[in-house]
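Written below as structure tokens is the structure these notes are about.
Every read-out reported here was derived from the displayed coordinates using simple, explicitly stated rules and does not represent laboratory data. Just so it is clear, the structure is predicted and the values come from calculations on it, not from any experiment. Here Cβ is always computed from backbone atoms with ideal geometry, including for glycine, and neighbour counts include all displayed protein chains.
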């Protein structure tokens, strides 16, 4: 039976690369977006448009559209990136990042938990900037807060889901050439997605809840 992968934030960048690579491998892919790009519409994925992951009503609609479809892999990829510091603070941006990067993945996973079954996997796309130990430069206060919160929530969910034979990975893609960072990264979205898919393939109940770099390195909390 063809495996079903659900990916949020799938219209461009890493999300679109996930879609294209899973489609090429023969998976049934559902791409969840606010507005679909031309490339996404041409990908062969089942596109669910008009979903803002930070909006509870939109997530309820997503659940309704998916119905009782089993999800083999759920990838919470949608995110937003800003930079605040004590000398250049924007609390609205800070709050937006916490809502989209930390709360929304929990909201999506909670809403779709009944679609997950024994053997399903959940991937949280986070950032090593959520590591407190690894922070040597400061700034990016809201982004760091949001990803640290996501990591903490993900660890808790990994423990809870394990009792249902569902594993969860906490994944840093690397510094990726996407619009989010003005295309200033050092690896392509395609390479990042390929590495992340490998990490997801390796995910099991023995390593669930681990915080990984896409290259396989285990990152510090």
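From helices alone, the chain scores -10500 deg cm²/dmol at 222 nm; the rule is -39500 (n - 2.57) for each run of n ≥ 4 DSSP H residues, then divide by the residue total. Applying 0.36 nm per residue to the separation of residue 38 and residue 55 and subtracting their alpha-carbon distance, the gain on full extension is 3.7 nm. Pairing the Cα long axis of helix 141-162 with the longest principal axis of the chain, what angle in degrees results, from 0 to 90 and rounded to the nearest 10? That helix lies at roughly 40 degrees to the long axis. The separation of region 1-18 from region 112-150, counted between C-alpha centres, amounts to 18 Å.
Helix 13-24 axis versus longest C-alpha principal axis of the chain: approximately 20°, rounded to the nearest ten. Seen against the Cα atoms of the chain and their longest principal axis, helix 56-66 is set at about 30 degrees. For residue 1 and residue 190, a Förster radius of 35 Å and the Cβ-Cβ distance give a FRET efficiency of 0.80, rounded to the nearest 0.05. Taking 7 Å steps out from each Cα toward its Cβ at residue 110 and residue 64 produces label points 1.9 nm apart.
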